[in-house]
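Inspection log for the structure reproduced underneath, given as structure tokens.
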Amino acid sequence: MPIAPERTRSVFQKLERDLLKISSKQDAESVHRFRTGTRRLQTLFEEIVPERDRNHRKLLKMLSRIRKRAGSVRDVDMQLAALRSLKMPQEPRRKSQLMHNLLDLRAKHEKKVRKALNKKDVRGIRARLKRAARELSFKKGVRDPLTVARQILAQIVPTDGPPTDDLLHAYRMLGKRARYAAEFAAKSPEADQFVSQLERIQDALGDWHDWLTLTHTAAQRLGDVHESALVAELHNVTGAKFRNAVAVLSALSHPAPKLQTATTAGPPRRQAKASSSQSRASSAA
């Protein structure tokens, strides 16, 4: 299925707009949109339009530096959202303490984002975005977005036995790239259905990962399940989110291969065994 030029051009326009927004205010929505836009552009250049020139490489490098710092802010934002949604009467002081810890951590990460967004670099990125959009060709070497998306998902090799954190993390990272690739396809029922499936997978895996991250953060600051009822409850919620993510993956035999259903009551023990593609996915977080 051919690439949709209008969708491709809009990525450049939206990313420039989100760059300007995040340079003035690092609110949760601006940070999220900027990170998503940079990932879409990266997928376009690395997977669909593979013939990159010096401007493309420099642009991705500049955006990557900011995206990584913004990613730390985004991680805290998602933990804050999860913690605010948790309704439990026990340990209100500890919940408040954890909330303040996260807010302090966000302020530190936000400061680093602001430092990376100096006026000179922002002007340089905008100029490179405009040039890349103007010179982009939709003819030579352009790959089919849906084919690319399926090939990305095919990199995941399920391990024997019940699904693990590592396997779900690989699905989460590669599923994002697959979705971004598929979104460049021309509009059609096939493309819409494919993207819809990937969105359901991404939503379930993202929800699980947010709670998993929050649980780890809480355990570091408040102690293990034997020391804190809040940490124990977070483990329970994370386990439920894990099982839901596995159920979503298992129900969608396409584009994701079926998984064995988890039988444990809580989140599974992280296994060391993982395919090379899973390791690459983890390093891309």
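Can you confirm whether A154 is buried (at least 17 other Cβ atoms within 10 Å of the Cβ) and at pLDDT below 95? If you could, list the steps in order and put the result at the bottom.
Numbers: buried (at least 17 other Cβ atoms within 10 Å of the Cβ): no; at pLDDT below 95: yes.
Considered against the rule, which asks whether it is buried (at least 17 other Cβ atoms within 10 Å of the Cβ) and at pLDDT below 95, A154 comes out as no.
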Residue selected from the range 182-200 under the condition touching a Leu at 6+ places or on another chain (Cβ under 8 Å) and buried (at least 23 other Cβ atoms within 10 Å of the Cβ), by the criterion farthest from S85 (Cα to Cα): A185
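Restrict the check to the range 131-149 and report whether at least one residue is β-branched (V, I, T), surrounded by 12 or more Cβ atoms within 10 Å (Cβ to Cβ) and closer than 30 Å to S250 by Cβ.
Looking through the range 131-149, at least one residue is β-branched (V, I, T), surrounded by 12 or more Cβ atoms within 10 Å (Cβ to Cβ) and closer than 30 Å to S250 by Cβ.
For the range 123-139, check the following and say yes or no: at least one residue is farther than 20 Å from S10 by Cα, out of contact with any Lys or Arg (no Cβ under 8 Å at 6 or more places or on another chain) and of a type in the set (D, E, K, R).
Taking the range 123-139 first, the residues farther than 20 Å from S10 by Cα are none.
Scanning the range 123-139 turns up no residue that is farther than 20 Å from S10 by Cα, out of contact with any Lys or Arg (no Cβ under 8 Å at 6 or more places or on another chain) and of a type in the set (D, E, K, R).
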Residue within the range 27-41 that is over 30 Å from A81 (Cα atoms) and among the aliphatic types (A, V, I, L, M) present: no
Flag if D207 is within 19 Å of D77 (Cα to Cα) and not aromatic (F, W, Y): yes
Contacts under 7 angstrom Cβ, first residue in the range 234-249 being more than 14 Å from P162 (Cα to Cα), partner modelled with pLDDT under 95 and β-branched (V, I, T), 6 or more apart: H235/V225; V248/I201
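Can you go through K120, K112, K140, K95 and tell me which one is under 20 Å from N55 (Cβ atoms) and touching a residue at least 12 places away in the same chain (Cβ under 8 Å)? Please lay out each step first, then the result.
On the way: K120 fails: touching a residue at least 12 places away in the same chain (Cβ under 8 Å); K112 fails: under 20 Å from N55 (Cβ atoms); K95 fails: under 20 Å from N55 (Cβ atoms).
K140 is the lone residue from the list that is under 20 Å from N55 (Cβ atoms) and touching a residue at least 12 places away in the same chain (Cβ under 8 Å).
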Options H209, H169, H216, H226; residue that is at pLDDT 95 or above, out of contact with any Pro (no Cβ under 8 Å at 6 or more places or on another chain) and either surrounded by fewer than 21 Cβ atoms within 10 Å (Cβ to Cβ) or of a type in the set (A, V, I, L, M) (or both): H216
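Condition check ((1) β-branched (V, I, T); (2) surrounded by fewer than 16 Cβ atoms within 10 Å (Cβ to Cβ); (3) on the phi < 0 side of the Ramachandran plot) across all residues:
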| residue | (1), (2), (3) |
| --- | --- |
| I22 | yes, no, yes |
| T36 | yes, no, yes |
| E47 | no, no, yes |
| R57 | no, yes, yes |
| K61 | no, yes, yes |
| R69 | no, no, yes |
| S85 | no, yes, yes |
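Out of R54, R17, R7, R65, which single residue is under 21 Å from A178 (Cβ atoms), of a type in the set (K, R) and either free of Cβ contacts under 8 Å to residues at least 24 places away in the same chain or out of contact with any Cys (no Cβ under 6 Å at 6 or more places or on another chain) (or both)? Don't jump to the end; show me each part of the working.
Numbers: R54 fails: under 21 Å from A178 (Cβ atoms); R17 fails: under 21 Å from A178 (Cβ atoms); R65 fails: under 21 Å from A178 (Cβ atoms).
None of the others qualify; the one that does is R7.
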Filter result for R93 (among the charged types (D, E, K, R) and loosely packed, with under 15 Cβ neighbours inside 10 Å): yes
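The values are calculated or read from the model by the stated rules, or taken from the named source; none is laboratory data. Small disclaimer: the values here were computed from a predicted structure and weren't measured. Reconstructed Cβ throughout: ideal geometry from the backbone, glycine too, with neighbour counts over all protein chains shown.
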